[in-house]
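*Asks:* This is the structure, below, for whatever I ask next.
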Amino acid sequence: MLDINFVRQNKDQVKEACLNKNLDPSIVDQLLEVDEERRLLQQKTDGLKAEINKKTKEIQEIIVSNQKNLKDGEVSTGLNLPTKEESDFNEKLEESKNLKTKLKDLEPQDKEINEKYLELLSSIPNIPAADVPVGKDENSNQVVRQEGQKREFDFTPKTHEIIMKDLDWLDTERATKIAGFRAYFLKNDALMLEQALMLYALSIMKKHGFTPMSVPSLVNKEAMFGTGYFPWGAEDHYYTQDGQILAGTAEVALTSYYGGELLREKDLPIKICGISPCYRREVGSYGKDTKGIIRVHQFNKVEQVVLTVADEEVTRDWHQKMLGFSEELLRGLNLPYQVLLMCTGDMGAGQRKKYDIETWFPGQSKYRETHSASYFNDFQSRRLNIRYQAKDGSTKFVYTLNNTVAASPRLLAAVIENYQQADGSVEIPEVLRPFMI
């Protein structure tokens, strides 16, 4: 989330960010209005607390003075005050009691206004970086570059679904019967190939100094809120009867790993990667990608996350590095791809800048998204309260980044379409052979 001081001082810029991310800018005015009410109420409660402290001190002074006036060996059985002083003492007690009652009466109002304030503040999006193109939707995304040589087939390439079903690698009919639409079974070498992809991805990240982790897919609302998937993406997730959520990416657990902790600058950057099953309801995708295993509710993914110092230039450098790790995987697989710079309207609310990688699918004769790389500055760390003690002794929020390393079965489908043979078989990419069982 944004610093409220930034919102106060940059109201128009924040409104523009809302517009550019297809969000209602009026929420900024609502937030600032509630923020002013909250500050006025805080001044009122602070004033009452100061008066209570003052009365308490005056009462204590009377009690101490009374103790000092006792004769040697005399034991006090209560306050022995002259009539006027006793009246003054009782008056102060009554005033203190009334002040405390007023303060207590403000508690419901204080709770209500702070809840509203947090709700509004957490609904304000991040500010896009200066070099992010402004646009309403994917039509305004910019192709940064295309890499790799598209294979020339001496036969008409098939889609992955046809290839896999012919090889008895995929069963969607029985899966749909058991688990509903967009479910699937991977069978035989398809499963082995998927696992090889995941292991290959982990091997690349380990080579680059990332700590590999298995992560929980079932997380709490705080983790979803902290990573910025709530409130905007609440409808696209599955919930349990206990109020937990099935995460759509290992980013949620990885980024939340240090939630509420104070780190040290000398330990940054922290580089972690996670492998996990992921779950998405695919709300709003009715009628899209109904064939094959491009758009599914459950999939497996290796995700990379970096926590670094509060310096945007350092962060942008890491953004390019992390994008490069994903490209290294695709180059190793010899898959053609293109890198896209996403426009404001096709970014998440919390993202400051985002690249997508789209891999070439010859059976469909198109590029399809397989990777996504984003940086957030302190948008996530403020929500998660992840700070570090800088070398100069100050305390700052870390900056966070994440990027897909490999997501299957979509990447698996790309491999199958690019490595299909004329006889219907699929050649195993050379880099994956050591990982095949």
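*Asks:* If the viscosity is 0.890 mPa s and the temperature 25 °C, what Stokes-Einstein diffusion coefficient in µm²/s follows for region 274-325 when Rh is the Kirkwood radius over Cα pairs?
*Replies:* In µm²/s, the coefficient is 176.
*Asks:* Shifting gears a bit: In the calculated pair distance distribution of region 172-319, what percentage of Cα-Cα distances lie above 24 Å?
*Replies:* Across region 172-319, Cα pairs with separations above 24 Å total 43 percent.
*Asks:* So for each of 157-164, 255-262, 113-120, 130-137 I average, over its residues, the number of other beta carbons within 10 Å; can you give me the resulting order with the highest mean first?
*Replies:* Top to bottom by mean Cβ count within 10 Å: 157-164, 255-262, 113-120, 130-137.
*Asks:* Right, next: How big, in percent, is the set of alpha carbon pairs in region 313-360 lying more than 15 Å apart?
*Replies:* Value for region 313-360 (Cα pairs over 15 Å): 51 percent.
*Asks:* In square nanometres, what is one fourth of the surface area of the convex hull spanned by the alpha carbons of region 329-437?
*Replies:* 10.3 nm²
*Asks:* Next question. Taking 24 Å as the cut-off for C-alpha to C-alpha distance, list the pairs among Lys21/Lys150; Lys21/Lys271; Lys271/Lys354; Lys11/Lys221; Lys207/Lys353 that go past it.
*Replies:* Check vs 24 Å cut-off fails for Lys21/Lys150; Lys21/Lys271; Lys11/Lys221; Lys207/Lys353.
*Asks:* Using Cα positions and a limit of under 13 Å, work out the aspartates and glutamates in reach of Lys104, with same-chain residues fewer than 8 apart set aside.
*Replies:* Reachable aspartates and glutamates: Asp46.
*Asks:* Can you give the FRET efficiency to the nearest 0.05 for Ile63 and Glu33, using r as the Cβ-Cβ distance and R₀ = 45 Å?
*Replies:* With a Förster radius of 45 Å, E is 0.50.
*Asks:* Which percent of Cα-Cα pairs in the chain sits in each 20 Å bin, short to long?
*Replies:* In order of increasing distance, the bins hold 21, 44, 20, 10, 4, 0 percent.
*Asks:* Between Thr240 and Glu85, what is 0.36 nm times their sequence separation minus the Cα-Cα distance? Round to one decimal in nm.
*Replies:* Numbers: separation 155, 0.36 × 155 = 55.80 nm, distance 6.43 nm.
Roughly 49.4 nm would be gained on extension.
*Asks:* Helix-only estimate, please: 222 nm mean residue ellipticity of the chain, summing -39500 (n - 2.57) across DSSP H runs of length 4 or more and dividing by its residues, to the nearest 500.
*Replies:* On the way: 13 runs with 178 residues, N = 437.
The helix-only estimate for the chain comes to -13000 deg cm²/dmol at 222 nm.
*Asks:* Under a crude label model (7 Å from the Cα following the beta-carbon direction), how far is Asn220 from Phe181 in nanometres?
*Replies:* Inter-label distance under the simple model: 3.5 nm.
*Asks:* Tilt of helix 83-105 relative to the longest C-alpha principal axis of the chain, in degrees (0 to 90, nearest 10)?
*Replies:* The answer is roughly 20 degrees.
*Asks:* Round to the nearest 0.05 the FRET efficiency obtained for Asp392 and Ile4 when R0 = 30 Å and r is the Cβ-Cβ distance.
*Replies:* 0.80
*Asks:* Any idea what the dipole of region 285-437 comes to, in debye rounded to 20, about its Cα centre with Lys/Arg Cβ at +1 and Asp/Glu Cβ at -1? The partial results should precede the final answer.
*Replies:* Values: 19 positive and 18 negative charges, 109 e Å.
About 520 debye.
*Asks:* A follow-up question, please. Over 18 Å between C-alpha atoms is what I'm after, so list which of Lys55/Lys111; Lys266/Lys391; Lys301/Lys366 land there.
*Replies:* Lys55/Lys111; Lys301/Lys366
Bear in mind that the values in this text are calculations on the coordinates, not laboratory data. On a predicted model such as this, the values are computed, not experimentally measured, just so you know. Ideal geometry is used to build each Cβ from the backbone, glycine not excepted, and the neighbour counts take in all protein chains shown.
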